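First comes the structure, then the notes that go with it.
The values are calculated or read from the model by the stated rules, or taken from the named source; none is laboratory data. Nothing here was measured: the structure is a model prediction, and the numbers come from that model. Reconstructed Cβ throughout: ideal geometry from the backbone, glycine too, with neighbour counts over all protein chains shown. Protein only, heavy atoms only, side chains kept; ligands, DNA and RNA dropped before computing areas. Shrake-Rupley method; radii C 1.70, N 1.55, O 1.52, S 1.80 Å.
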Amino acid sequence: MNTLIEHGRVIDPATGRDEVADLAIADGRIAAIGAAPADFAPQRRIDARGCWVLPGLVDLAARLPRLECDMRAAVAGGVTSLVCPPDTDPVLDEPGLVEMLITRATRLGMARVLPQGALTRGLKGEALTEMVRLTEAGCVAFGHADVPLVNTQVLQRTMQYADTFGYAVWLRPQDAWLGGSAAASGALATRMGLASVPVAAETIALHTIFELMRAVRSPGSSGPRVHICRISSAAGAALLRQAKAEGLPVTADVSINNLLLCDEEAMCNFDSRARLLPPLRQAADRQALGQALADGTLDALVSNHAPVGSDAKHLPFAEAEAGAVGLELLLPLALHWAGDDAARQRRALACVTSGAAAVIGSGLGDELQGSCGQLHEGALADVCVFDPAARWMVGDDTLHSAGKNTPFEGREMCGRVRYTFTGGQLAWDATADGA
């Protein structure tokens, strides 16, 4: 259906476009921004006066335990493309499983799922998966989710294999022996009597990753592409900055939770809603992460969407399952971080659109390459219409995902998505949903 989105503020971080203009959608693509073609006849008109017309968001970390509910949450949050980590049940280590996930998601007609294949079979850290076949099935990258890859020889082989075939390796930096506890090391964890994760759990893993990247790099080659998932500390951000300055082909993201929250604020009273992976660290770490996002050290901002059932969450802090929902909160929280600073607003929007798409890079394939996370004529029409003035409270009745637990529960959000188009198809209409 041809659609004309009228009078909205069209913002495209990839090109720097920021103007009030109409946007025309035809045959699944953006037909025009500004004056529509003379022969364009819209069957649907959307008055976007007062709203921002943005590229559909790209989320690099979203688990989907109840696919339909979580996909609905995605489009309600303006997310049109999302990467699903490989720690599904069963693990994404076989082409048939990858194809099944993509088929199920496509049939729903909402967001686009981009599977991340497992680096090793069953995420056991032993035998490598068949990355070529998994790529043919639709995987955009390969990772190990939150499971540390203990055997450094296996990790080295995965990098060599990925470098040979041009695949990207996604790793969350966590030492297997120092990580895994409920809270981050610090004064609060000590007062609460909680087993804690030191910053060294992250920095040791980063040192290992970067040393292996150097070791497997062949003469004349930049080496394997590695994406670091969910940096959580000031020290980790500093090591990443050094690696980039050295020229290592590395990118990284940060969770919206770690960007905006710290342990003293969110974990008081043993609130299990703040039981997260990676754990929340101190205010100084939060400040350093914000600076790293602003200066480009961190490439993308992710929801780290991981729904947890009430029974698994309503337990003592150390026993509760880690995780929180975030798909519907990603955009308003990203803009909350930016505040009224125009440069930060542009940076925040880039980190959830074109910047996130650039991390995936060639894994997107020919159809999405150059379109995902962007607004320009001829691009696939992944579009989000966002009302920055809307106010809403985070709670069970305002979230659509399978789980409802989030440390932001009860907080007022500023800004809400009104419409989402995926490939030109209307995937979300807040007016029809009553939002």
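Summary table below
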item: Helices (runs of 4 or more DSSP H) completely within the stretch 283-368 that count 3 or more residues being in contact with a helix residue (DSSP H, G or I) (Cβ under 7 Å, 6 or more places away or on another chain); result: 283-294, 330-338, 342-351
item: Complete set of residues in the stretch 383-403 that are part of a loop (DSSP other than H, G, I, E, B) and not β-branched (Val, Ile, Thr); result: 395, 396, 397, 399, 400, 401, 402, 403
item: Residue that is surrounded by the most Cβ atoms within 10 Å (Cβ to Cβ) [pool: residues in the stretch 66-88 that are without any contact (Cβ under 8 Å) to a residue 60 or more places away in the chain and either outside any helix (DSSP H, G or I) or not hydrophobic (A, V, I, L, M, F, W, C) (or both)]; result: 86
item: When residues of the stretch 380-389 are limited to those that are open to solvent by less than 10 Å² (accessible area, probe 1.4 Å) and hydrophobic (A, V, I, L, M, F, W, C), the one farthest from residue 336 (Cα to Cα); result: 381
item: Single residue of the stretch 227-238 satisfying the filter (buried (at least 23 other Cβ atoms within 10 Å of the Cβ) and more than 16 Å from the chain's Cα centre (by Cα)) that is nearest to residue 406 (Cα to Cα); result: 233
item: Residue within the stretch 204-222 that is more than 30 Å from residue 160 (Cβ to Cβ), outside any loop (DSSP other than H, G, I, E, B) and open to solvent by 60 Å² or more (accessible area, probe 1.4 Å) present; result: no
item: Lone qualifier among 199, 169 - being open to solvent by less than 10 Å² (accessible area, probe 1.4 Å) and modelled with pLDDT of 95 or more; result: 169
item: Residues being open to solvent by 30 Å² or more (accessible area, probe 1.4 Å) and more than 18 Å from residue 422 (Cβ to Cβ) - total across the stretch 15-39; result: 12
item: Residue within the stretch 114-136 that is under 23 Å from residue 400 (Cα atoms) and either of a type in the set (Lys, Arg) or in contact (Cβ under 8 Å) with a residue 60 or more places away in the chain (or both) present; result: yes
item: The listed residue being open to solvent by less than 10 Å² (accessible area, probe 1.4 Å), in a strand (DSSP E or B) and among the hydroxyl-bearing types (Ser, Thr, Tyr), out of 420, 406; result: 420
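Residue-by-condition table, conditions (1) closer than 23 Å to residue 87 by Cα; (2) buried (at least 21 other Cβ atoms within 10 Å of the Cβ); (3) in contact with a strand residue (DSSP E or B) (Cβ under 7 Å, 6 or more places away or on another chain):
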| site | (1), (2), (3) |
| --- | --- |
| 263 | no, yes, yes |
| 271 | no, no, no |
| 289 | no, yes, yes |
| 303 | yes, yes, yes |
| 312 | yes, no, no |
| 322 | yes, no, no |
| 325 | yes, yes, yes |
